Amino acid sequence: MKILARASWPHPLRHALCRLLLALGLGVGLFPLLGSVAHAEEPPTLRLSVLQSGTAHWELAHMQRRGLDRQAGFALEVRLVPHLPASRIALASGEVAGAVADLLWVQARFEQGEPYLFLPFSSQIGDILVAPDSDIASLEDLRGKRIGVAGGPDSKGWILLRRVAAEHDLDLERDAEVQYAAPPLLSEALRRGRVDALVTYWHFAARLEAAGEARRLLQMADLLDALSLERDLPVLGYVFHETWVRENRTLLDRFASALVETKRSLAENDAHWDDLRPLMRVASEAEFEAFRQGFLDGVPAPLDDRRIADLQRLLQLAGTDAQRRLPSRLFYRYAAPTETP
């Protein structure tokens, strides 16, 4: 006789069977057994917080839809939030185990005594855009121009652009007019000619380019290359407090494995993206394709010693003191599961 877990029985059937077992005097001994069977069948739950409008939402939704989390031995639970502060509060409070954050945030938390492990999510940083008919053709042409910077003075793209410009004897903070604002506001400013160039996140850049409202002057990858760093360094990642990681390493490894399968699935089957289209909120087929390709172009390679060293050098370029820099142990190294013959 096959015994099903109590949670799977219809509600009236559970009550009827309970009364029968009690009448037979079997309830006391059998209920713990049924409970243990139900518990054994439930995989551990991993709770993550991501932006509702963020690109990580795309891959996590696909992971759940295809059951790739349960195939890896865990159940993914996604808490959607409207903005980054809400995600960070959920992470700090322990409401979730992990969230998406950039490397500079992880570095700042480490300096404040809160070590987080960084598991790469994407190497997409952003782009430097100008109007389609702009006469700006090179980095040197930014002298004296109005530059909009999304994300504020600590924006990774802005830090890299300033560093490369300095090697061309160009101090953008002194030699240009800089405006900081939210990405949507700056996109509108570029459309209306209120800024001459825009340093913005990749998906905002993709939307402007797909609509023919901007052209790319430089990719962030070009700036990394100019600084002798690898072009596809992952600057965004899923982050987990080191204390949680010590207690849940197997669960983390399962998540990392499921992420690899999720990204592979999205890369190999274009049809999967049709299911994600509602989350992408695209206005045209060109925008949809730009988002899809941009996401896939940002899939990072696994971290090794060289890539970790480059990420640490990137932190140095951002002004981090060498003695306080994020240590190697806080960068996740993915180890592919061994195939059994």
Given unit charges at Cβ for Lys, Arg (+) and Asp, Glu (-), the dipole magnitude of the chain about its Cα centre in debye, nearest 20, is 1520 debye
So which residue, out of Ala271, Ala189, Ala258, gets the largest mean-square fluctuation from a GNM of the chain using Cα contacts under 10 Å as springs?
Ala271
Choice from Gly54, Gly94, Gly113 showing the highest fluctuation, given a GNM over the chain with Cα pairs closer than 10 Å
Gly113
Choose one answer from Thr320, Thr55, Thr250: the residue with the largest mean-square fluctuation in a GNM of the chain with alpha-carbon springs under 10 Å.
Thr250
Zone of Glu268's modelled label, taken as backbone nitrogen in the range 63-83 under 18 Å from a point 7 Å along Cα→Cβ:
63-73
How large is Rg/Rh for the chain, to two decimals, with Cα atoms and a Kirkwood Rh?
1.08
So how much slack lies between Arg163 and Leu296, counting 0.36 nm per residue of separation and subtracting their Cα-Cα distance, in nm?
45.2 nm
Convex hull over the Cα atoms of the range 126-226, averaged projected area in nm²?
5.4 nm²
If you take the charge dipole of the chain about its Cα centre, with +1 on Lys and Arg Cβ and -1 on Asp and Glu Cβ, which of Leu119, Ser328, Pro44 is farthest toward its positive end?
Pro44
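Quick note: the coordinates plus some simple rules give every number you see, no bench work behind them. Predicted model only: the values in this text are computed from it and were never measured. All Cβ positions, glycine included, derive from the backbone under ideal geometry; neighbour counts span all protein chains shown.
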